[in-house]
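Colleague: The structure's right below; bear with me while I get my questions together.
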Amino acid sequence: MSADLDLLKGTLDVMILKALSWGPMHGFGVARWIRTTTDEVLQIDDSALYPALHRMEHRDLIDADWALTENKRRAKYYRLTTKGRQQLKVRVSVWDQYSTAVSKVIHATLQPS
Amino acid sequence: MPDSAKWYRYLRFWRPNVAADVDDELAFHIDARTEELSRFGMERAAARAQALREFGDVERTRVTLRVMDEHHASVAQRLRFAADLSRDVRVACRALARTPGFVAVVGLTFALGIGVTSAIYSVVDTYMFRPLPGAHGAALVVLGRTDKDIPQPHDLSYADARDFRADTAVFADLAIYTTRIIELNTDRGAERLWVDEATANYFRVLGLPAYLGRTFLAGEDEGVMSHPTIVLTYKAWKARFAGDSSVVGRVVRVNEHPVTVIGVMPPAFHGIRPLVDIDGVVCINQVWPATVDLDNRASIGLSVFALLRHGVSLSRASEALRLDARRLERAYPATNKNVTVVAVPERYSRPSIAISSLTPALAAVFMTLVILVLLVACANVASLLLARVVVRSRELAIRAAIGASQWRLVRQILVECCVLAFVGGVGAVGVAYAAVRGLNSIHLATDIPMRWGVELDWRVILFSGVATLAAALITGIAPAAAARRRNLNDLLKSSGGNSPLGAQQRLRSMLVVGQIAVSVVVLVAAGLFARSSANASRMTLGFRSDHLLMMSTALRPQTHDNTSGRQFYDELVRRVTAVPGVRSAGIAEFVPFGYNLDVATVFPIASSVNVPANGFSYFTNVVSSEYFAAMGIPFLSGRAFAARDDENSPRVVIVNDALAKTLWPGEPAVGKRLHLDSANGSIVEIVGVVRGMQDLLPGETPRPYVFQHFGQVYRSDMTLLVHTTQQPTSLAAPVRAIVTGLDATAPVFDVRTMEDHLRNGPAFLFTRLGSAFSAVFGVLALVLASIGVYGVVSYSVAQRTREIGLRVALGARLTSVLRLVVGQGMKLAWIGTGAGVLLSLATTGVLSSILFGVAPRDPLVLAGVIASLMLIAGVACLVPAWRATRIDPLIAIRSE
């Protein structure tokens, strides 16, 4: 993975929150959603995904429960808590400001005086 | 996935299983991805390999997740526990707040039970368990000499002690000391100080450094008055020198001779003797006048404490001391025949090595009483709580029905007990504090600076805490067990008060029987102590204890020689006798049951008994001719001392009948002669025989005694004994005025009546304290037991309200209702008392060694205890019985 994508790794939490904002999902589902949504540009290492999920669970941003999949397999489903939903809002607005700022800089047309 | 991990997934049915969950989650991920990839047409094995590759390091992730989750689970569990506990505490507090009366009774029971026991523990702790200050405080032993004449361990001679110290195979170090009075000459006049006069290693053996300045250096006890130095105690430094630290190095005047203050000791140091609070320490024979006889082995009067060499056991030391004593006996047969020395750990030598053999027994008895009372209190609280659980049984059953687990119900009850115990514990500290204050206000009749400060320190608080916790747990067990056995069906089916709760009632009855039995034992002990104490104070001592005023003075050798001193005392007696209200007045060197005594060596002449080579050692006293009249000691034959028995006439003595019978059995002793002090010492003639008296221990058989005449043997320190016709204290002021009128510098001290001296002096203080303590215990046990009986009976009345109401409605007479209720309670009282009597008959034998004139199975005490318990139990039953008779049958039956 290249360095510019490393930069985005810190945003894993916000992506997980976003993934779960559609509804409860198991870890594999989260990984698949991120992969397909980013058109496989962001290949999140699964071994990084799970510690993040568990950490967020311990911080009460998400909640977990065991349930059966459509294939009748037991899987651990995560869903957003109220606190997680608020967190998502905050993180999204921070990200927007950040990306707008960075984007302004790198697309700047005004030469430094 | 490792198959071995599968079995413990089932653990999830009981509790969260972190490891299995992590395994399952990761397995699901790999499987799902494999599935997805094979759906895209990948071959299965390749798909799995691809899935694993995409995942990264599965094993590391697994470990990371497990660690994270386990940590989180344990934190969460602790938080949950704390939350549950605080909810339980809140619920318990709310429930208890609804029944303030119950809380008050339980809290009071706990507070009294634990508070009083803590206070008693403080006393035992202060005087028995707490080691002396200093690094070696806990390891010290004291030595005591025993011989044929005085079998109780007592002081040694300096020479003997020095020889024992030389046995370096046994002792790492050994200090020798005696306690004496010195006068500190200040601008305010002479101040009497009590000091230990000791070998220079005194503080080294104790392992205690100075607070200011230094302690003695090796060799500072050598020679006579060549190192006049003093180390002050903290108390003396504060009181006499206002805590001025420049006092170190200052030269002060002691007995009109210069002495250098070299140091001040820390506040914890009070001297070696447990009850005396000394002012300082000086070295042997370094302060004028030098009085310790370093070489005479017959001159006993020195106390010894020592540090055993590392690894030497007490029994090995005792054996070595025995051999050393035998060696000294061979070397000095004249003085050391039959002399043995015993070593006792310092802590078991209190309050005095003479009665050290009794001390552990006394401590054990008190501690047993403490524990018994605590048990009674616990039984009471358990019984009260049990009743409460029974009353609340429906509530508990309903809570169980709506899903509360048994453990939660039990925990709720245990938490309730702990809250109660906490309330009681706080009260207990208050009660203990008050009790200790009360104990500290006990007055001791002596001007010896006594250390009577019972301290309530952290050890006692800790003891209270442990006792409280133990009490909570013990009392929690019974109600918790009762709650566990609740059967919902039985309870809900049963209607109200008539539920079949026989098991609980039986348990409560057993508790009450048990506590009555224990109370009987405590009361019997209290009764025995009380009788023993009464006996001791009523005991015929052989001398007058009423209408007798005592006053001591000490003439300073620098102002009075023998002639002027004798003139002083003669004039004093003459003037005091002339005071209106005085019958007679005499003087004596020692008073009975005092702190000092002296021994004379006697060699009878023309005696039929076999005289040992080193003669007989008998107590002796120097008295004036009026002493016997003032003390009320009757003459059996012969005459009193007379004015003509002076320094120029032949020496005469008066002996008691015990001596006469021992040395001249069947013969008149008057006119017989004896050598005093040594086989060829001065010859004295017996001119009178008086009746024997008790002198050292209450209840003892009078010991042989020799009285010498003040007119022939001068002493500078004497005690005036005044027999009065009126209240003796009313003459204290005029008599004191006579002393100071004769010599303004003469100190007057120990002004007290003989009654006061006996009651509060060393003779009876411990017996009195013992009986006071056990009386408190007895009353406490009685109160607690009556609360127990009352609780059971009144609860049973409440349970049987309907039945009693029916009986009354059907025409039962009041007396039969009374009999019904009282009979039930009294049955318990009788069973408990019977068991208690058997128990005390079996156990109080251990008290026999510490009782005066009363047998451990004294029928009077037993009868008194039975009667008082029955009376109290009867009253405790009558109150609820009276309430039962007032039950209105209509209300009782309708109340369902």
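Colleague: What are the residues whose amide H is under 5 Å from the amide H of B:Phe619, where those residues sit 5 or more places off or on another chain and H is modelled from the backbone?
Modeller: Placed amide hydrogens put B:Ala600, B:Val706 under 5 Å from B:Phe619.
Colleague: On the protein heavy atoms, probe 1.4 angstrom, tell me the percent of accessible surface of region B:89-246 carried by carbon and sulfur. Could the numbers behind the result be given before it?
Modeller: Numbers: 3570 of 5980 Å².
Roughly 60 percent, rounded to a whole number.
Colleague: OK, next. Near the amide H of B:Phe171, under 5 Å away, which other amide H atoms are found, from residues 5 or more places off or on another chain, if H is placed in the peptide plane?
Modeller: The list, which skips near neighbours in sequence, is B:Arg309.
Colleague: Give, to the nearest whole percent, the P(r) tail of the protein assembly as shown beyond 47 angstrom, counting all Cα pairs.
Modeller: Taking all Cα-Cα pairs of the protein assembly as shown, the fraction more than 47 Å apart is 54 percent.
Colleague: A further question follows. Can you check what the Kirkwood hydrodynamic radius comes to for region B:170-212, Cα pairs only, in Å to one decimal?
Modeller: About 12.4 Å for region B:170-212.
Colleague: Enumerate the calculated ³J(HN,Hα) couplings along region B:540-551 in order (Karplus 6.51 cos²θ - 1.76 cosθ + 1.60, θ = phi - 60°), each rounded to whole Hz, writing x wherever the residue is Gly or Pro.
Modeller: 3J(HN,Hα) across region B:540-551, in whole Hz: 6, 8, x, 8, 6, 10, 9, 6, 10, 9, 10, 8.
Colleague: To continue, here is another question. Could you rank the peptides B:266-272, B:208-214 by their average count of other C-beta atoms within 10 Å per residue, with the highest value first?
Modeller: In decreasing order of mean packing, B:266-272, B:208-214 become B:266-272, B:208-214.
Colleague: Which semi-axis lengths, in whole Å and largest first, follow from the square roots of five times the eigenvalues of the Cα gyration tensor of region B:665-786?
Modeller: 39, 27, 13
Colleague: Let me ask something else. Take the Cβ-Cβ distance between B:Ile371 and A:Thr82 as r, set R0 to 56 Å, and report the resulting FRET efficiency rounded to the nearest 0.05.
Modeller: It comes to 0.45.
Colleague: Jot down the radius of gyration and Dmax of chain B, Cα atoms only, both in angstrom.
Modeller: 38.2, 142
Colleague: Once the other residues with Cβ under 14 Å from the Cβ of B:Leu85 are scored (Lys, Arg +1; Asp, Glu -1), what is the net sum?
Modeller: So the surrounding residues net to +3.
Colleague: Projecting each Cα onto the charge dipole of region B:322-395 (Lys/Arg +1, Asp/Glu -1 at the beta carbon, about the Cα centre), which of B:Val373, B:Leu384, B:Val339 comes out farthest on the positive side?
Modeller: Checking the options against the dipole of region B:322-395, the answer is B:Val339.
Colleague: Right, another one. Along region B:322-339, what does the Karplus equation 6.51 cos²θ - 1.76 cosθ + 1.60 (θ = phi - 60°) give for ³J(HN,Hα), rounded to whole Hz, x for Gly and Pro?
Modeller: Those phi angles translate into 4, 5, 4, 5, 5, 4, 5, 4, 5, 6, 10, x, 5, 10, 10, 5, 6, 8 Hz.
Colleague: Follow-up question, since we're still on this one. How many times 2.2 N^0.38 Å is the alpha carbon radius of gyration of region B:615-720?
Modeller: Cα-based Rg divided by the globular estimate yields 1.02.
Colleague: Counting heavy atoms of the protein chains only and a 1.4 Å probe, report the per residue accessible area for region B:581-642 as a whole number of Å². Mind dumping the intermediate values first?
Modeller: Values: 2170 Å² over 62 residues.
Heavy-atom accessible area per residue stands at 35 Å².
Colleague: Show me you know the interface measure: the accessible area buried between A and B, both chains summed, probe 1.4 Å, in Å² to the nearest 100.
Modeller: For chain A against chain B, roughly 1900 Å² becomes buried.
Colleague: Amide H neighbours of B:Leu636 under 5 Å, at least 5 residues apart or on other chains, H built in the peptide plane: list them.
Modeller: Under 5 Å from the amide H of B:Leu636 lie the amide H atoms of B:Val689, B:Val690, B:Arg691, each far enough along the sequence or on another chain.
Colleague: Using a Förster radius of 35 Å, what is the FRET efficiency between B:Ala97 and B:Ser405 based on their Cβ-Cβ separation? Nearest 0.05, please.
Modeller: 0.90
Colleague: When ranked by the protection proxy of mean other Cβ atoms within 10 Å per residue, highest first, what sequence do the peptides B:714-720, B:359-365 form?
Modeller: B:714-720, B:359-365
Colleague: Find, to one decimal place in angstroms, the Kirkwood hydrodynamic radius of region B:227-273, where the mean of 1/r is taken over every pair of different Cα atoms and then inverted.
Modeller: 11.0
Colleague: Could you work out the Rg to Rh ratio of region B:276-362, with Rh taken as the Kirkwood radius (inverse of the mean 1/r over all Cα pairs)?
Modeller: We get a ratio of 1.00 for region B:276-362.
Colleague: Over all residues in B:23-29, what is the mean tally of Cβ atoms on other chains that come within 10 Å of each residue's Cβ?
Modeller: 6
Colleague: Convert each backbone phi in region B:170-179 into a coupling constant with the Karplus relation 6.51 cos²θ - 1.76 cosθ + 1.60 (shift: θ = phi - 60°), then list the ³J(HN,Hα) values in order as whole Hz, x for Gly and Pro.
Modeller: Each residue of region B:170-179 in turn: 9, 9, 6, 6, 8, 10, 10, 8, 9, 9 Hz.
Colleague: Give the average, rounded to an integer, of partner chain Cβ atoms located within 10 angstrom of each Cβ in A:47-60.
Modeller: 4
Colleague: Subtract the Cα-Cα distance of B:Arg53 and B:Leu85 from 0.36 nm times their separation in residues, and report this length gain in nm to one decimal. Spell out each step's value before the answer.
Modeller: Values: separation 32, 0.36 × 32 = 11.52 nm, distance 4.81 nm.
Full-extension gain reported as 6.7 nm.
Colleague: Sticking with the crude label model, points 7 Å out along Cα→Cβ, report the distance from B:Ala744 to B:Arg326 in nm, one decimal please.
Modeller: Going by the 7 Å Cα→Cβ label model, 6.4 nm.
Colleague: Okay, next question. Sort the following peptides by mean Cβ neighbour count (other Cβ atoms within 10 Å, averaged over residues), highest first: B:283-292, B:107-116. Walk me through the numbers on the way to the answer.
Modeller: Numbers: B:283-292: 19.3, B:107-116: 25.2.
So the order, starting with the most tightly packed, is B:107-116, B:283-292.
Colleague: Could I ask something else about it? Could you give the accessible area per residue of region B:681-783, probe 1.4 Å, as a whole number in Å²?
Modeller: Heavy-atom SASA per residue in region B:681-783 reads 34 Å².
Colleague: OK, next. Mind pulling the angle between the C-alpha long axis of helix B:359-391 and the longest principal axis of chain B? Nearest 10 degrees, somewhere in 0 to 90.
Modeller: With rounding to tens, the tilt is 30 degrees.
Colleague: While we're on this one: If you stretched the chain out fully between B:Leu769 and B:Ala809, how much longer would it get, using 0.36 nm times the residue separation minus the C-alpha to C-alpha distance?
Modeller: 8.8 nm
Colleague: Something else now. On average, how many beta carbons from a partner chain sit within 10 Å of the beta carbon of a residue in A:72-80?
Modeller: Working: counts 0, 6, 4, 7, 7, 0, 0, 0, 0.
Averaged over the peptide's residues, the number is 3.
Colleague: Which value, in Å², gives the accessible area per residue of region B:114-231 when a 1.4 Å probe is used on the protein heavy atoms?
Modeller: Counting only protein heavy atoms, the per-residue value for region B:114-231 is 34 Å².
Colleague: Mind checking the angle between helix B:562-577 and chain B's longest principal axis? C-alpha axes, 0 to 90 degrees, to the nearest 10.
Modeller: So the inclination is approximately 70 degrees.
Colleague: Something else about it: State the percentage of accessible surface on region B:284-431 attributable to carbon and sulfur atoms; use a 1.4 Å probe and exclude ligands, DNA and RNA. It would help to have the intermediate numbers written out before the result.
Modeller: Details: 4040 of 6180 Å².
Result for region B:284-431: 65 percent of the exposed heavy-atom area is carbon or sulfur.
The values are calculated or read from the model by the stated rules, or taken from the named source; none is laboratory data. These figures come from a predicted structure and were not determined experimentally. Please note: Cβ atoms are built from the backbone with ideal geometry, for glycine as well, and neighbour counts cover all protein chains shown. The protein model used for the area step is the full one, side chains on, heavy atoms only, and it has no ligands, DNA or RNA in it. Shrake-Rupley method; radii C 1.70, N 1.55, O 1.52, S 1.80 Å.
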